[in-house]
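Written out below as structure tokens is the structure these notes cover.
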Amino acid sequence: MLVEFDLIKRAQNGDDAAFNEVVTAYRRRILGTVARLISRPEDVEDVAQEVFVRLYFSLDQLRAPEGFDSWLYRLTVNAALDYLRKRRRRHETRLADLSEQQVVLADAVAGGRAREQEEEKARIRDFADELLASVSEDDRVLLILKEVEGLSLKELEQIYHVNENALKVRLFRARQRVLKAYEASSSTRETTTAREATPREATP
Amino acid sequence: MTNDDKFNRELDQFWSSYYQACPTPDPTPGFMPEIWNRIDRRRDSAAPFIRRLTQAFAALAATASLALLLLSVALPHSSSILTGSYVEALAQSQTADSSLLQDVAYLETSPESPAPHGEGLIQ
């Protein structure tokens, strides 16, 4: 835990200064988790703010301050899921996203090398989005928490309130789907590379 | 190494590069003020709803009270329970048990007489 129990109890009792301290202590962690869950840098802050607003209104329901971390993770997961579902409903096309991201990147990054690195990162994020499109939003979040955030099954159990076996089954199925998508995209890439490497026949 | 193992390993590596590709952004200066703005907005939007809910409950309670009042005025007072006192009503309901109670009382005051309803009563 990043803060003392006492601070959480004070925040629960309506102490706004204590709540500010809790937010300050946890905001970087939440921003990082949200960034990896939604993979849209431009929306990360918005979703993280939503997490803390939800925390403010639900803090009185937290029975034991020891469970604060998993409580906050749960709120983060729910806010990220709401965002991802909304995004799917909006039918944002990937092409539009890419151009928007490129504009943001072009504005933010001036130097050539830094720009290349940022573009590479954006490509990785896009590829992750492509792979994770093969599973539901719920499974996407679960998979990222396990594989990317590195949470243990015990921690996931506390967040989801589901027993370990059920989580294992869900994780296995989700990973298999993503693996299949990864294999498919790998073979596509190999075919493309091979085609590009083959010399064209000379036209008469 | 099988193809599956190879892809599994590659996927694990990909997750770590994805982690690197999603750096933790620094909060902007407006991060905290925006949280409080949202909290205030949500509080303000919740207040009228609660007020409307309270008004609806009050109206419902008033209507129910009025209906009960009208019902009690409209119905005729036919029951004898309403006219008699509590003691009278109690006496009326106990007529069936009174003979048994009298027997018990009698046995308790005169121990030398034989028990009419079994031995267990006075022991």
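The values are calculated or read from the model by the stated rules, or taken from the named source; none is laboratory data. The structure displayed is predicted, hence computed values, not measured ones. For neighbour counting, all protein chains shown are included, and Cβ atoms are generated from backbone atoms with ideal geometry for every residue, glycine included.
Among the residues of segment A:73-86, those that are more than 14 Å from every other protein chain (Cβ to nearest Cβ) and closer than 14 Å to A:R140 by Cα comprise A:V77, A:N78, A:L81, A:D82, A:Y83, A:L84, A:R85. A single entry from A:A114, A:A181, A:A174 fulfils the requirement of being part of a helix (DSSP H, G or I), at pLDDT below 85 and aliphatic (A, V, I, L, M): A:A114. Report, by residue number, each residue of segment B:1-49 that is closer than 19 Å to A:A35 by Cα, part of a helix (DSSP H, G or I) and under 47 Å from the mean Cα position of the chain (by Cα). If the condition is that a residue be closer than 19 Å to A:A35 by Cα, part of a helix (DSSP H, G or I) and under 47 Å from the mean Cα position of the chain (by Cα), then B:F31, B:M32, B:E34, B:I35 are the ones that fit. Could you list, ordered by first residue, the pairs with Cβ atoms under 7 Å in which the first is in segment B:7-34 and within 7 Å of chain A (Cβ to nearest Cβ) and over 19 Å from A:V141 (Cβ atoms) and the second is surrounded by fewer than 18 Cβ atoms within 10 Å (Cβ to Cβ) and of a type in the set (D, E), at least 6 apart or interchain? The qualifying pairs are B:F7/A:E183.
Of the helices (runs of 4 or more DSSP H) lying entirely inside segment A:2-72, those containing at least 2 residues that are touching a residue at least 12 places away in the same chain (Cβ under 8 Å), within 8 Å of chain B (Cβ to nearest Cβ) and closer than 14 Å to B:P27 by Cβ span A:16-38, A:44-58. So A:R113 passes all but one of these: (1) within 18 Å of A:L37 (Cα to Cα); (2) away from chain B (no Cβ under 13 Å); (3) not small (G, A, S). Which condition number does it fail? Tallying (1) within 18 Å of A:L37 (Cα to Cα); (2) away from chain B (no Cβ under 13 Å); (3) not small (G, A, S), A:R113 fails exactly one: (1).
Taken over segment A:117-156, the residue count meeting the criterion of being within 13 Å of another protein chain (Cβ to nearest Cβ) and in a helix (DSSP H, G or I) is 23.
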